[in-house]
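Structure, as structure tokens:
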Amino acid sequence: MSIKNARVAVITGASSGIGAATARALVAEGYQVALLARRADRIEALAAELGEGALAVQADVTDRDSLLAAAQQIARELGPADVLVNNAGIMLLGPFSSDQREDYRRMIESNLLGTITTTEVFLDQLKDGGGDIVNISSVAGRTARAGNGVYAATKWGLNGWSESLRQEVLPDVRVTLIEPGVVDTELPGHITHDATRDAVQQMYDVARVSPAEVAEIIAFVLARPRHLVINEVLLRPADQLG
Ligand SMILES: NC(=O)c1ccc[n+]([C@@H]2O[C@H](COP(=O)([O-])OP(=O)(O)OC[C@H]3O[C@@H](n4cnc5c(N)ncnc54)[C@H](OP(=O)(O)O)[C@@H]3O)[C@@H](O)[C@H]2O)c1
């Protein structure tokens, strides 16, 4: 059921980490939230926790038909989207090798093409009445290091596309790029290269920045008056230098 006059925020990758925390933060600010992810059990549990105005919609950002169905369902049940948080992503790090070629395809399809497709599907709804797009990039969208080449390529690509989009859709839609360093989430758990996963997991085991702290920044960005746009936010844990 929709809540009258509440802005509608669509959050991809809402089943864990930064996406789930963003949903909690935006509900606290009075938003209705559409929670998109592949793991239906996770988003349904979160929707039940968040209560009225939270809608779980199973969708895969690599499957345009599922996004089209989600867009229709959201418009019908909550109203047209005012905010799109493009957060869904995977980080399959490892040495560059043919063994990892499937990881490369998945990262490009999810992080880059998935974000572009989700935006293309929701853009008409966002343009109708003053919208916001928040693209979750990474420090890896500005730096590259051995072992993260294709992940970094998806985030560098996202940064370039996002900057172009920002110029095209203003003033109807504001576009903000968020570039976090290490945040305590399950992101490294999906790495398929065992030695890399173990090494990266050790770094994440002592991660100090929480998803809730990133979500607070996203809520702050969205709460600015319409004449002010925060174009970009780069944030790192205090002990992360590069
Ligand atoms: N944690 C960090 O240190 C960090 C730093 C910089 C940037 N980021 C970025 O932050 C974003 C969120 O990551 P996180 O750290 O919160 O990790 P996470 O807890 O693993 O969350 C990733 C989310 O993306 C969703 N997802 C992945 N592939 C998807 C697909 N094809 N379709 C729909 N949803 C998909 C996952 O849901 P399902 O599996 O249920 O579909 C999950 O909800 C990512 O873009 C990541 O690159 C994270």
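Laboratory data are not the source of any read-out in this text; all were calculated from the coordinates shown. Keep in mind that this is a model prediction, so the values were computed, not measured. Backbone-built Cβ (ideal geometry, glycine too); neighbour counts: all protein chains shown.
Look through the stretch 77-99, keep the residues that are more than 10 Å from the ligand (Cβ to nearest atom) and among the hydrophobic types (A, V, I, L, M, F, W, C), and return whichever of them is farthest from Ala146 (Cα to Cα).
Result: Leu78.
Looking only at the stretch 52-68, how many residues end up being outside any strand (DSSP E or B) and either touching a residue at least 12 places away in the same chain (Cβ under 8 Å) or within 11 Å of the ligand (Cβ to nearest atom) (or both)?
11
From the list Thr118, Thr192, pick out the single residue that is of a type outside the set (Lys, Arg), surrounded by fewer than 20 Cβ atoms within 10 Å (Cβ to Cβ) and either closer than 30 Å to Ala6 by Cβ or more than 10 Å from the ligand (Cβ to nearest atom) (or both).
After applying the criteria, what remains is Thr192.
Here is a yes/no grid of residues against (1) surrounded by fewer than 24 Cβ atoms within 10 Å (Cβ to Cβ); (2) under 27 Å from Ser164 (Cβ atoms); (3) of a type in the set (S, T, N, Q):
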residue	(1), (2), (3)
Arg38	yes, no, no
Gln73	yes, no, yes
Leu84	no, yes, no
Ala88	no, yes, no
Leu112	yes, yes, no
Phe122	no, yes, no
Asp132	yes, yes, no
Ile136	no, yes, no
Thr143	yes, yes, yes
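Which members of the stretch 29-48 meet the condition of being in contact (Cβ under 8 Å) with a residue 24 or more places away in the chain and either under 15 Å from Gly89 (Cα atoms) or more than 11 Å from the ligand (Cβ to nearest atom) (or both)?
Correct list: Glu29, Gly30, Tyr31, Gln32, Val33, Ala34, Leu35, Leu36, Ala37, Arg39.
For Glu102, only one of the following conditions fails: (1) away from the ligand (no atom under 13 Å from the Cβ); (2) buried (at least 23 other Cβ atoms within 10 Å of the Cβ). What is its number?
(2)
Does Val182 meet the test of being surrounded by 15 or more Cβ atoms within 10 Å (Cβ to Cβ), part of a helix (DSSP H, G or I), of a type in the set (A, V, I, L, M) and within 9 Å of the ligand (Cβ to nearest atom)?
For Val182, the condition - surrounded by 15 or more Cβ atoms within 10 Å (Cβ to Cβ), part of a helix (DSSP H, G or I), of a type in the set (A, V, I, L, M) and within 9 Å of the ligand (Cβ to nearest atom) - is not met.
With respect to Val221, is the statement that it is assigned to a helix (DSSP H, G or I), in contact with a strand residue (DSSP E or B) (Cβ under 6 Å, 6 or more places away or on another chain) and of a type in the set (Val, Ile, Thr) true?
Considered against the rule, which asks whether it is assigned to a helix (DSSP H, G or I), in contact with a strand residue (DSSP E or B) (Cβ under 6 Å, 6 or more places away or on another chain) and of a type in the set (Val, Ile, Thr), Val221 comes out as yes.
Under 8 Å between Cβ atoms, at least 6 apart or on separate chains: pull out the pairs that start in the stretch 7-20 with a residue that is near the ligand (Cβ under 9 Å from one of its atoms) and end on any residue that is acidic (Asp, Glu).
The qualifying pairs are Ser16/Glu186; Gly17/Glu186.
Under 9 Å by Cβ, and 6 or more places apart or on different chains, what pairs join a residue from the stretch 125-137 that is basic (Lys, Arg) with one that is part of a strand (DSSP E or B) and away from the ligand (no atom under 16 Å from the Cβ)?
Lys127/Val173
Being of a type in the set (Gly, Ala, Ser) and part of a helix (DSSP H, G or I) is the filter here; which residues of the stretch 6-50 pass it?
Passing the criteria: Gly17, Gly19, Ala20, Ala21, Ala23, Ala25, Ala28, Ala40, Ala45, Ala47, Ala48.
In the set Ile74, Ile3, which member is more than 10 Å from the ligand (Cβ to nearest atom), among the aliphatic types (A, V, I, L, M), in a loop (DSSP other than H, G, I, E, B) and in contact with a strand residue (DSSP E or B) (Cβ under 9 Å, 6 or more places away or on another chain)?
Ile3
From the list Gly17, Gly30, Gly79, Gly13, exactly one residue is touching a strand residue (DSSP E or B) at 6+ places or on another chain (Cβ under 7 Å) and surrounded by fewer than 24 Cβ atoms within 10 Å (Cβ to Cβ). Which is it?
Gly79
Of (1) more than 19 Å from Met91 (Cα to Cα); (2) surrounded by 15 or more Cβ atoms within 10 Å (Cβ to Cβ), Phe220 satisfies all except one. Which?
(2)
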